[in-house]
1. List every residue whose amide H lies under 5 Å from the amide H of LEU54, counting only residues 5 or more places away in sequence or on a different chain, with H placed 1.01 Å from N in the peptide plane.
2. Can you tell me the order of 208-215, 184-191 when each peptide is scored by its average per-residue count of other Cβ atoms within 10 angstrom, highest first?
3. Hydropathy at least 1.0 by Kyte-Doolittle, axial extent at least 27 angstrom from the Cα trace: which helices of the chain, defined as entire DSSP H runs, fit?
4. Can you give me the long-range amide H partners of PHE236? Hydrogens built in the peptide plane at 1.01 Å from N, cutoff under 5 Å, separation of 5 or more residues or another chain.
5. Which whole-Hz ³J(HN,Hα) couplings does the range 57-68 yield from phi under the Karplus relation 6.51 cos²θ - 1.76 cosθ + 1.60, θ = phi - 60°, glycine and proline marked x?
6. Whole number please: convex hull volume per residue, Cα atoms of the range 170-288, in Å³.
7. Sort the following peptides by mean Cβ neighbour count (other Cβ atoms within 10 Å, averaged over residues), highest first: 291-300, 91-100.
8. Using alpha carbon centroids, what distance separates the range 248-301 and the range 222-239, in Å?
Amino acid sequence: MRDYILLAIVLLLLVAAAIRYVFQIHTERTEDAYVDGNAVQVTSQISGTVIAILADDTDHIESGSVLVRLNPVDQEVQFERASAALAKATRAARGQYHDADQLQAEVDQRRNDVEKAKADLGRRTLALPEGAVSREEISHAQDAYRNAQAALEASRQALAQRQAVVDGTTLRTNPDVLSAAANVRDAYIARVRTQILAPVSGTVTKRSAQVGERISPGSSLMSVVPLDALWVTANFKESQLEDLRIGQPVELTADAYGGDVTYHGKIVGVDAGTGSAFALLPPQNATGNWIKVTQRVPVRITLDPREIAPHPLRIGLSMRVIVDTHDRSGSVLRRGTSTPSAYETRVFDAELKNANDVVDTIIRKNEGGSPRSSNAPAMRQEMRDAS
């Protein structure tokens, strides 16, 4: 009887081993896998002194939230100076167009003077044979005609000089106005950038900024990690890569939750080299003593955000990975790129638009009733296109 029991146990073990083998022959596993994600750096675009820090490590913030404030005094003064310069340039441009109109009227007047002097000279010349006028009067009339011509030419040259400045432009596309407007935009944007915004939503980590610290452009103040956009980097042995394909389903468990929580994902890419190949000091195998070491290749696996929400993960957590390799019809190498929208921020899009609105307001207050500033909406669009 005991022999039958032992035989049954052996048979059960063999069946279990066979089932395990059949199951594992179409899977690849690794425990050398870790959660990965984007650690988005929060940096300053201008230099300044930190006066307030509005978020700290472990805080969750939304995209566009103010994280750090810099002392805005210098930027406020620069903005006021640039605004005054734009107002002055606008009024000066108005004066240039009025000068051009005035010189045009003067040319018309000089042209009439030339016609009048020419007519006077003609009448006196006709009356000379009859003795009605003297030769001295003829000489004076000729001088007056030549002087009128010279005055007309001088007015034409003055008009040409003024038109060289204003021709082909309106008040809003005048080069001096455009230059001053660009300075206002620079000053306005610098003033706006004294409030440093969160580029993405996520959890704050690695805060290094301190109140009173003097920072320069590009200084890293903290990082923001979007915990709803994580992936897993699984390092498979080179001998496990043969059956791996893009798109194969993956089951994952995290040491943080044990086997009670299972995540599902898929392979989206295999790295271009082994981990050691891209190390700071890559191995040099051309030596006398060589020992073969099994290499590992990083494989990127996406996660379902709906599964992450109830059981959040953190960057660096250990994962167990099981890849189902039944379907091997997928590509070995990835074709195409990732979705661009996953790696962009729109929090800075309004900076230039708001700056343009400020420029438009300053010009409208100083352009007056200049005939060159009519059709204001079209002129404003012209100004934006030119800038």
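Read the figures in this text as sums done on the coordinates, not as results from a lab. Keep in mind that what you see is a predicted model, and the values were worked out from it rather than measured. Reconstructed Cβ throughout: ideal geometry from the backbone, glycine too, with neighbour counts over all protein chains shown.
1. Under 5 Å from the amide H of LEU54: VAL68, ARG69.
2. Going from most to least packed, we get 184-191, 208-215.
3. Details: long enough: 2-24 (33 Å, 1.75); 73-127 (81 Å, -0.98); 135-166 (46 Å, -0.70).
Flagged H segments are 2-24.
4. Long-range HN contacts for PHE236: VAL297, VAL299.
5. Taking θ as phi minus 60°, the curve returns 3, 6, 6, 9, 10, 9, 4, x, 5, 6, 9, 9 Hz for the range 57-68.
6. Residue-normalised Cα hull volume stands at 332 Å³.
7. Numbers: 291-300: 14.9, 91-100: 17.7.
Final packing ranking: 91-100, 291-300.
8. When both Cα centres are located, 11 Å separates them.
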